[in-house]
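**Q** Got a structure here, written out as structure tokens. Questions coming.
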Amino acid sequence: MVVGKRVSAALCGLMVVAMLGGCASLGGDALLDSLTVYSAPLKRNLVLRDGRFRDAAAGVHARLLQVREGDLGGDRGRDAAAVLEVTSPTAGVYYQLVAAVTVEGKRRASSIYLGNRLAVESLEIDKGEVRLRLKRARPGDATCCPSLALTERYRWRGDRLQEVAATLFATRWELFELWGQ
């Protein structure tokens, strides 16, 4: 029967898309698939499985966004970074930068609290540095719509991820007021 074959083919196609969609962002053996991350706002560890965390009883959900692989440890090893979006009834929606580095065959992980009221535009790893382009909320911005465009940089130092201090010349400046106007 032609209709039955079309339905079967469509269902098989949907199953393949669903399977690939689940793997596309993280990959089958990605460094961040299974990871424990400390959440300072919740004062607890979140154990990620396949890049996600869920505690239905507490109403806490987390998922990895913008997963990227590259060299962070300076040893040409297999490292990764991502943004973790966490939703909680007590803390709302907030974000953390998460990194995993393989050093001497052992995986080490670190995270930095980024905050809430932000919009992540891109994350990349280049020359041992994580570059995060995002928008943060300015005073007066609506809750939904942060508007201050920034590029933040992070490096793996010692055994953890640390923010790279911005210099005056490497900072994007935006004039808000000049002589009262």
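The values are calculated or read from the model by the stated rules, or taken from the named source; none is laboratory data. Note that the coordinates shown come from a computational prediction; the quantities given were computed from them, not determined experimentally. Positions of Cβ are backbone-derived with ideal geometry, glycine not excepted, and every protein chain shown enters the neighbour counts. Keep in mind that these areas ignore ligands, DNA and RNA; they rest on the heavy atoms of the full protein, side chains included. Shrake-Rupley method; radii C 1.70, N 1.55, O 1.52, S 1.80 Å.
**Q** In nm, what is the difference between 0.36 nm times the number of residues separating residue 45 and residue 76 and their Cα-Cα distance? The partial results should precede the final answer.
**A** Numbers: separation 31, 0.36 × 31 = 11.16 nm, distance 2.90 nm.
The residue 45-residue 76 span can extend by a further 8.3 nm.
**Q** Mind ordering 78-91, 125-138 by average Cβ neighbours within 10 Å, highest first?
**A** On the way: 78-91: 19.6, 125-138: 16.9.
Those peptides, ordered most packed to least, come out 78-91, 125-138.
**Q** If you don't mind, another one. With contacts defined as alpha carbon pairs under 8 Å and 6 or more residues apart, what's the relative contact order of the range 59-174 in percent?
**A** Working: 256 pairs, mean separation 21.9, N = 116.
Relative contact order comes out at 19 percent.
**Q** Just to verify a number: what accessible area does residue 38 come out at with the full protein assembly present, 1.4 Å probe, Å² rounded to tens?
**A** For residue 38, solvent-accessible area is about 120 Å².
**Q** OK, next. Quick one: if the Förster radius is 30 Å, what FRET efficiency do residue 145 and residue 103 give, using the C-beta to C-beta distance and rounding to 0.05?
**A** Numbers: r = 40 Å, r/R0 = 1.34.
Calculated value: 0.15.
**Q** Taking the Cα centre of the range 48-181 as origin, sum charge times position over the Cβ atoms of Lys and Arg (+1) and Asp and Glu (-1), and report the length of that vector in debye to the nearest 20. Please report the intermediate quantities before stating the final value.
**A** Numbers: 22 positive and 18 negative charges, 50 e Å.
Result for the range 48-181 is approximately 240 debye, rounded to the nearest 20.
**Q** Please report the carbon-and-sulfur percent of the accessible area for the range 50-93; probe 1.4 Å, protein heavy atoms only, DNA, RNA and ligands left out. Could you put the intermediate results ahead of the total?
**A** On the way: 1020 of 2310 Å².
After summing per-atom areas, the C and S share lands at 44 percent.
**Q** Rounded, prolate or oblate: which fits the range 63-179, taking a ≥ b ≥ c as square roots of the Cα gyration tensor eigenvalues, rounded meaning a/c under 1.5, else prolate when a/b beats b/c?
**A** On the way: a/c = 2.70, a/b = 1.48, b/c = 1.82.
Here the range 63-179 falls in the oblate category.
**Q** Rolling a 1.4 angstrom probe over the protein heavy atoms, how many square angstrom per residue are accessible across the range 30-181? Please report the intermediate quantities before stating the final value.
**A** Details: 9050 Å² over 152 residues.
With the other protein chains kept in place, the range 30-181 gives 60 Å² per residue.
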